[in-house]
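This report concerns only the one structure given below.
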Amino acid sequence: MSIALLTFDIFGTALDWRAGLRAALGGGLSDEQFDAVIDRQAALEGGRFRSYAEIVAQSLVDVLPLNAVVAARIGAEAGNWPLFPDAAEALRALRQVAPCAAITNSDRAHGAQVQAQLGFALDGWICAEDARAYKPSPEMWQEASRRMGVPYSRDWWHVSAYADYDHATARKLGLTCVFVERLHSRTGPAEVTVGSLAALAALVG
């Protein structure tokens with residue numbers, strides 16, 4: 001088992017965005033509404049570039065609907081939504097195996113929030129704000145390859161609970177795809193399937 005780099009989707013894989021968004025809305029968010037919000041975000045990400053905080057806010061205004069001022073505050077604080085219970089310990093362990101970086105449809109400010117929750121910095125935070133593009137665009141992985149100094153190969157493992165956002169592109173680039181089964185995930189083909197980040201750490205550690 002050879003691993004030169006581990007990259008991670010964050011929202012939905014390391015961070016429980018459904019629970020976080022539900023709490024931010026005072027508990028008044030059904031699973032169907034959450035799916036509609038996420039689908040609306042995907043549509044907005046395919047348009048002109050705007051920050052992820054703005055996209056979160058606009059998706060909430062469009063779907064729920066929600067007051068724009070409240071929605072903007074929620075979007076700005078998205079990186080403070082709770083991590084999955086296994087995330088911090090597993091990522092700390094995985095960093096002993098290979099460099100660990102985020103490839104995330106989010107902003108730099110969200111990176112600061114997430115890494116403050118982790119209690120340590122990841123080896124890279126490659127976000128849409130830097131690439132000026134959103135997954136599933138290959139520009140996100142191009143930016144990661146440049147920043148991390150790692151070429152596309154099977155030794156680069158990309159970890160996500162979202163095959164539609166992540167694994168289709170990662171597979172085309174020749175990476176090893178790791179699917180994490182979360183409560184809210186979107187399945188697809190993967191070379192490795194695990195029930196949690198903790199299970200991945202146990203597998204490769």
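The values are calculated or read from the model by the stated rules, or taken from the named source; none is laboratory data. Predicted model, so just to flag it, every value in this text is computed and none were measured. Reconstructed Cβ throughout: ideal geometry from the backbone, glycine too, with neighbour counts over all protein chains shown.
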**Prompt:** Applying the selection to the stretch 81-96, what residues are touching a helix residue (DSSP H, G or I) at 6+ places or on another chain (Cβ under 8 Å), part of a loop (DSSP other than H, G, I, E, B) and surrounded by fewer than 22 Cβ atoms within 10 Å (Cβ to Cβ)?
**Reply:** 82, 84, 86
**Request:** Residue by residue through the stretch 148-165, note down the ones that are crowded, with 16+ Cβ neighbours inside 10 Å, modelled with pLDDT of 95 or more, touching a helix residue (DSSP H, G or I) at 6+ places or on another chain (Cβ under 9 Å) and not polar (S, T, N, Q).
**Result:** 150, 152, 156, 157, 158, 159
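Matching residues to (1) assigned to a helix (DSSP H, G or I); (2) surrounded by fewer than 22 Cβ atoms within 10 Å (Cβ to Cβ):
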{"position": "48", "(1), (2)": "no, yes"}
{"position": "56", "(1), (2)": "yes, no"}
{"position": "98", "(1), (2)": "no, yes"}
{"position": "101", "(1), (2)": "no, yes"}
{"position": "113", "(1), (2)": "yes, yes"}
{"position": "117", "(1), (2)": "yes, yes"}
**Prompt:** In the stretch 59-83, which residue that is hydrophobic (A, V, I, L, M, F, W, C) and without any contact (Cβ under 8 Å) to a residue 12 or more places away in the chain is nearest to residue 32 (Cα to Cα)?
**Reply:** 61
**Request:** Find the residue count for the stretch 2-19, including only residues that are part of a loop (DSSP other than H, G, I, E, B), over 8 Å from the mean Cα position of the chain (by Cα) and more than 17 Å from residue 116 (Cα to Cα).
**Result:** 3
**For residue 178: the one exception among (1) free of Cβ contacts under 8 Å to residues at least 40 places away in the same chain; (2) of a type in the set (A, V, I, L, M); (3) assigned to a helix (DSSP H, G or I)** = (3)
**Complete:** Restricted to the stretch 9-40 and to residues being free of Cβ contacts under 8 Å to residues at least 24 places away in the same chain and under 25 Å from residue 126 (Cβ atoms), the residue surrounded by the fewest Cβ atoms within 10 Å (Cβ to Cβ) is 39
